[in-house]
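Since the structure comes first, as structure tokens, the remarks are kept for the end.
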2 protein chains.
Amino acid sequence: MILRSVQCLLLLHEEGAREMSINLRDRRRQQTAKDIQLAALRLSLSLGYPAVTTDSIAVEAGISPRTFFNYYPNKQAAVLGEPPSLDCDCAAWIVTSTAPLRSDLARLLGSMLEQKQLDRQIVRMIEQIWDSAPELMTIFRNSMDNIALAIGRLLEARLGPGRQQEAMLVAELATHALSNAVRAWAADETMRVADIPPLIERQMAEVGRLVI
Amino acid sequence: MILRSVQCLLLLHEEGAREMSINLRDRRRQQTAKDIQLAALRLSLSLGYPAVTTDSIAVEAGISPRTFFNYYPNKQAAVLGEPPSLDCDCAAWIVTSTAPLRSDLARLLGSMLEQKQLDRQIVRMIEQIWDSAPELMTIFRNSMDNIALAIGRLLEARLGPGRQQEAMLVAELATHALSNAVRAWAADETMRVADIPPLIERQMAEVGRLVI
């Protein structure tokens, strides 16, 4: 695991031409994914989410239906955008870190958000559609569960044998704190994305004091 | 709120004939609900959950289709049984209690479980069907969310203004700890239902120490 972390760090810091072209391709892909998501959100807000189809999203985004399915499996996924995900290899430093767990978790979630490139307008548009589409909540939760599971496994390795339950509870607490912090950021123009990790850390410390 | 708590306590301790007949009717209703649930679970395990219909559950339980719908809105609900719920009036003591929060939460969730009358066999049967039926997970989560929301509101009242976020995080932590503890109890024949609240309390204290 340590070897893979080192490889991962090397990969992150590599500045070769190959790496840059991959990054460019990734950025283009991210931009198209975001354009399709914005089209899906605009249509949902104007027509009502149930009336939106994958075909109408493709027309609105100016792409072919086939291209749509290269990016998202269905309209729900398009509305929510590419889910945040945790690269467990790159996150493996948390297993051996000796910093306070709440700080490490805030840092880990913060680096995940950086990759995802949060957009306040998109988060607000999703919040407007949210209540009328419970299926979106299910998909959102599944992606949060996957993150919690990935963090839980890393924490299990950090805490050692016999502490699987606490590892998962801490991971679930961390993802709830993340959701809260992102909603707080979406609602408050004066908050920066960089303020999200410290808020997560404060909330976890506060919960810790309350239940200890 | 204090007046309602007192009324609630009086109601709980009232030993009049009316109260006893209501209890008898409630118990009969609970028993029929459980019989229907067992029929739904037996069928799901023998035929596979997707093949089960509300009609086949009614036949298996020896009731009319109409009676089925007096108890459950659909087969998903029948498989999961009546969801646990929190009577916020009867739980209002937690607002003013000065005991440690983790102890109060464990007591509150314990009293909710007592009303629900957990059945180890049923929990195990649900766990066997669970993975092949993601829709069950969604319904189960919605009922857990409702409990978390009810607890969150009570904790908001206890913690005072400006602490809504922490109140909800603690409530979510408590319901995750409840799910964990019930699963641990279902897997371990030597655990009694009475052992669940202390396990919830220990888990919350442990999480507190980890994130403080």
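Does B:Asp89 count as of a type in the set (Asp, Glu) and in a loop (DSSP other than H, G, I, E, B)? Answer is yes for this residue.
Can you name every residue in the range A:114-131 that is in a helix (DSSP H, G or I) and within 17 Å of A:Ala77 (Cβ to Cβ)? The answer is A:Lys116, A:Ile122, A:Val123, A:Met125, A:Ile126, A:Ile129, A:Trp130. Among the residues examined, B:Gly110 does not qualify as within 24 Å of A:Leu173 (Cβ to Cβ) and part of a loop (DSSP other than H, G, I, E, B).
In the set (1) surrounded by 18 or more Cβ atoms within 10 Å (Cβ to Cβ); (2) in contact (Cβ under 8 Å) with a residue 24 or more places away in the chain; (3) over 15 Å from B:Thr175 (Cβ atoms), the condition left unmet by B:Gln128 is number (1). Here A:Ile212 meets each of (1) within 12 Å of another protein chain (Cβ to nearest Cβ); (2) farther than 21 Å from B:Gln203 by Cβ; (3) free of Cβ contacts under 8 Å to residues at least 12 places away in the same chain with one exception, condition (2).
The sole residue among B:Ser97, B:Ser85 that is out of contact with any helix residue (DSSP H, G or I) (no Cβ under 6 Å at 6 or more places or on another chain), more than 13 Å from every other protein chain (Cβ to nearest Cβ) and of a type in the set (Gly, Ala, Ser) is B:Ser85.
Taking the criterion of being more than 7 Å from every other protein chain (Cβ to nearest Cβ) and out of contact with any Ser or Thr (no Cβ under 9 Å at 6 or more places or on another chain), the residues of the range A:158-167 that qualify are A:Leu159, A:Gly160, A:Pro161, A:Gly162, A:Arg163, A:Gln164, A:Ala167. Do we have B:Leu118 as surrounded by 18 or more Cβ atoms within 10 Å (Cβ to Cβ), at pLDDT below 95 and away from chain A (no Cβ under 11 Å) here? So B:Leu118 fails the test. Condition (residue is in contact (Cβ under 8 Å) with a residue 60 or more places away in the chain, closer than 18 Å to A:Leu136 by Cβ, in the same structural domain as A:Lys34 (by TED's automatic domain parsing) and of a type in the set (Gly, Ala, Ser)) applied to the range A:70-77: is it met by at least one residue? Within the range A:70-77 (the criterion being in contact (Cβ under 8 Å) with a residue 60 or more places away in the chain, closer than 18 Å to A:Leu136 by Cβ, in the same structural domain as A:Lys34 (by TED's automatic domain parsing) and of a type in the set (Gly, Ala, Ser)), the answer is yes, since at least one residue qualifies. For the range B:121-146, taking the residues that are among the acidic types (Asp, Glu) and at pLDDT 85 or above, the one that is farthest from B:Gln37 (Cα to Cα) is identified as B:Asp145.
Before we move on, is B:Ala99 surrounded by fewer than 13 Cβ atoms within 10 Å (Cβ to Cβ) and either among the hydrophobic types (A, V, I, L, M, F, W, C) or at pLDDT below 90 (or both)?
Numbers: surrounded by fewer than 13 Cβ atoms within 10 Å (Cβ to Cβ): yes; either among the hydrophobic types (A, V, I, L, M, F, W, C) or at pLDDT below 90 (or both): yes.
Yes, satisfied.
Of all residues in the range A:100-115 being more than 15 Å from A:Gly152 (Cα to Cα) and of a type in the set (D, E, K, R), which is farthest from the other protein chains (Cβ to nearest Cβ)? In this case the residue turns out to be A:Glu114.
Taken over the range A:150-167, the criterion of being of a type in the set (S, T, N, Q) and either crowded, with 21+ Cβ neighbours inside 10 Å or more than 18 Å from B:Ala181 (Cβ to Cβ) (or both) is satisfied by A:Gln165 alone.
Here is a yes/no grid of residues against (1) among the polar types (S, T, N, Q); (2) buried (at least 20 other Cβ atoms within 10 Å of the Cβ); (3) more than 8 Å from chain A (Cβ to nearest Cβ); (4) within 16 Å of the chain's Cα centre (by Cα):
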position	(1), (2), (3), (4)
B:Leu136	no, yes, yes, yes
B:Ala148	no, yes, yes, yes
B:Leu169	no, yes, no, no
B:His176	no, yes, no, yes
B:Ala184	no, no, no, yes
B:Val193	no, no, yes, yes
B:Ile196	no, yes, yes, yes
B:Val207	no, yes, no, no
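The values are calculated or read from the model by the stated rules, or taken from the named source; none is laboratory data. Please read these numbers as outputs of a predicted model, since none were measured by experiment. Don't worry about glycine lacking a Cβ; one is built from the backbone with ideal geometry, like all the others, and counts go over all protein chains shown.
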